[in-house]
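J.: First the structure, which I've put down as structure tokens, then a few questions once you've had a look.
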Amino acid sequence: MRIVHVNAYDGNGGAGRAMMRLHHALKHTGAQSDALCMYQFDPHSDVTPIYRNWWGKLRSIATIFGERYLGKALAPSRGIPFSLQKMGLPVHRHPLVLNADIIHLHWVNHGMLAPRQMKKLLELGKPLVWSLHDCNPFTGGAT
């Protein structure tokens with residue numbers, strides 16, 4: 001059984017730390033566990049960034065700031081951070097996702113996955129688990 005954990009960041013934030021604990025615990029038991037992130041803060045972690053080249057990293061940074069600040073500009077009166085859910089990366093094409101038996105989503109906001117990318121993940125026909133580390137999945141955008 002090969003599991004891929006998908007999170008926006010590697011070990012940054014509560015969801016990132018939870019993902020890393022689960023990923024390492026599964027590896028410790030002998031499971032085939034991989035972790036995929038949009039932006040890798042720790043170059044020594046055993047997490048695979050979606051993009052390794054400078055252009056891809058720039059694209060990731062642009063989606064992070066785009067979702068964060070465009071959402072603030074377009075909905076300032078809400079008083080809570082809210083994501084536009086418009087940007088997203090082609091996670092469904094990544095080899096770790098394609099080779100996985102189970103896809104485990106953690107925190108996929110800040111432009112990592114929008115509904116259209118979620119649909120493409122579901123179309124792969126693999127079991128998908130989503131740990132709800134925040135309100136985004138059931139509010140449609142709260143971060």
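J.: Rounded to the nearest 10 degrees, what's the angle between the helix 13-28 long axis and the longest principal axis of the chain, both from Cα atoms, 0 to 90?
T.: 10 degrees
J.: Return the ratio Rg/(2.2 N^0.38 Å) for segment 1-59, where Rg is computed over Cα atoms only.
T.: 1.11
J.: Let me have the relative contact order for the chain, percent, based on Cα pairs under 8 Å that are six or more residues apart.
T.: 27 percent
J.: How many percent of DSSP beta bridges within the chain run antiparallel, rounded to 5?
T.: 5 percent
J.: What longest region of the chain stays clear of trypsin sites (Lys or Arg not before Pro) that DSSP places outside H, G, I, E and B and that have at most 16 other Cβ atoms within 10 Å?
T.: Values: sites that count: Arg52, Lys86.
Longest gap between qualifying sites, sites excluded: 87-143.
J.: Which semi-axis lengths, in whole Å and largest first, follow from the square roots of five times the eigenvalues of the Cα gyration tensor of the chain?
T.: Semi-axis lengths for the chain are 25, 16, 15 Å.
J.: If I build a Gaussian network model for the chain, linking alpha-carbon pairs within less than 10 angstrom, which residue out of Asn53, Asn12, Asn99 has the largest mean-square fluctuation?
T.: Most flexible of the set in this elastic network: Asn53.
J.: Just report the Cα centroid separation between segment 1-40 and segment 45-61, whole Å.
T.: Cα centroid to Cα centroid, the span is 16 Å.
J.: Amide H to amide H under 5 Å from Gln32: which residues, 5+ apart in sequence or cross-chain, H placed 1.01 Å off N in plane?
T.: Ile3
J.: Using 0.36 nm per residue, how much length does the chain from Leu122 to Asp46 gain when fully extended, once their Cα-Cα distance is taken away?
T.: Full extension of this stretch gives 24.8 nm more.
J.: How big is the Rg/Rh ratio for segment 89-143, C-alpha atoms only, Rh by Kirkwood, two decimals?
T.: 0.94
J.: Okay, moving on. For the chain, find the longest principal axis of its Cα atoms and tell me its angle to the long axis of helix 54-74, 0 to 90°, nearest 10.
T.: In the chain, helix 54-74 runs at an angle near 40 degrees to the longest axis.
Taken together, the values in this text are just the output of simple stated rules run on the coordinates, not laboratory data. For clarity, every value in this text was computed on a predicted model and none was experimentally measured. FYI the Cβ positions are ideal-geometry reconstructions off the backbone, even for glycines, and counts take in every protein chain you see.
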